[in-house]
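Working notes for the structure below.
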Amino acid sequence: MAISVDEATAIAKHALSADQLERSAIYLLRPTIHFGPYVVQGPQSIAIHQPSYLLFVDLSPGTNWIHPGRYLVIAEANGNTETLVAQYPPTKGTTELLFHGSSVEPWMLLS
């Protein structure tokens with residue numbers, strides 16, 4: 001049975017420590033389901049081998065882009081997850097905010 005966006009969000013949240021969760025933001029990259037090669041931004045691309053959700057976890061929102069982040073490729077069919085280090089943030093305008101921690105203020109979020 002396919003997992004939902006809410007279940008993919010829960011998987012992403014579970015992959016973070018309590019401290020990381022409090023100070024992070026999690027985004028869904030549109031379209032909702034990806035399959036095949038996907039260029040995130042610049043030279044970074046992600047190979048997606050089965051229909052999957054692609055989530056971006058900003059581990060330090062509001063700072064310039066020399067900080068930790070992750071991409072999570074979460075298989076729609078079963079929730080299997082691949083975690084990749086984010087070399088670049090996603091292209092502007094391609095994300096939907098799914099969650100942000102209590103210490104993340106609105107100005108810190110991707111627009």
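Read-outs throughout are calculated quantities, based only on the coordinates presented, and are distinct from any laboratory measurement. Keep in mind that what you see is a predicted model, and the values were worked out from it rather than measured. In this analysis, Cβ positions are derived from the backbone assuming ideal geometry, glycine residues included, and neighbour counts consider all displayed protein chains.
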With θ taken as phi - 60° and the coefficients 6.51, -1.76 and 1.60, list the Karplus ³J(HN,Hα) couplings across the range 53-58 in order, rounded to whole Hz; mark glycine and proline as x.
7, 10, 10, 10, 10, 8
Assertion target for I3, I33, I66, ordered by fewest C-beta neighbours within 10 angstrom first, is I66, I33, I3
Near S52, within a Cβ-to-Cβ distance under 12 Å, what is the net charge of the other residues, with Lys and Arg +1 and Asp and Glu -1?
-2
Nearest 20 debye, what's the magnitude of the dipole of the range 5-101 about its Cα centre given +1 on Lys and Arg Cβ and -1 on Asp and Glu Cβ?
240
For the range 8-83, which chymotrypsin sites (Phe, Trp or Tyr not before Pro) are in a loop by DSSP, counting at most 14 other Cβ atoms within 10 Å?
W65
For the range 79-91, Karplus-derived ³J(HN,Hα) couplings (6.51, -1.76, 1.60; θ = phi - 60°; whole Hz; x for glycine and proline) come out as x, 4, 10, 10, 10, 10, 5, 7, 8, 9, x, x, 4
Quick one: helix 5-14 against the long Cα principal axis of the chain, what's the angle to the nearest 10°, folded into 0 to 90?
60
Relative contact order of the chain (C-alpha contacts under 8 Å, at least 6 apart) in percent is 33
List the residues whose amide H sits under 5 Å from the amide H of I48, counting only those 5 or more places along or on another chain, with H placed 1.01 Å from N in the peptide plane.
G36, Y38
